[in-house]
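Below is one structure; the comments refer to it alone.
Each reported figure results from applying straightforward, stated rules to the coordinates on display, with no laboratory input. Everything quoted here is computed from the prediction, not taken from an experiment.
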């Protein structure tokens with residue numbers, strides 16, 4: 001996730017083995033996937049930040065798919081899910097709240 005042009009945290013979604021054995025493949029939490037906070041390597045953080053900059057969006061979820069040594073942006077989300085604080089960098093909620101206040105003042 002990116003707030004004000006800077007990486008603020010990442011979540012990896014994985015399907016439990018039982019779900020995969022049952023033939024499920026979608027990694028949506030509401031379909032049985034587990035979401036855990038993860039640390040991204042610097043090049044993946046930069047990829048997320050570059051996507052937000054290219055789209056000129058201050059708060060953006062960026063889905064990155066990794067295969068071997070290649071990472072690509074698969075999808076972006078202008079209204080990403082926000083949940084457990086353990087999935088984000090320190091100060092995330094304060095930064096997001098500041099962005100919301102700034103945006104509300106600007107749009108009056």
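What the pair-distance distribution of the range 1-56 shows, using all Cα-Cα distances binned every 5 Å from zero, is 4, 20, 20, 15, 14, 14, 9, 4, 0 percent. Extents of the chain, largest first, come to 51, 28, 23 Å (Cα atoms, principal axes, whole angstrom). Estimated purely from DSSP H runs of n ≥ 4, each contributing -39500 (n - 2.57), the mean residue ellipticity at 222 nm for the chain is -9500 deg cm²/dmol once divided by its residues. Relative contact order for the chain: what is it in percent, counting Cα pairs under 8 Å that are at least 6 residues apart? About 29 percent, as a whole number.
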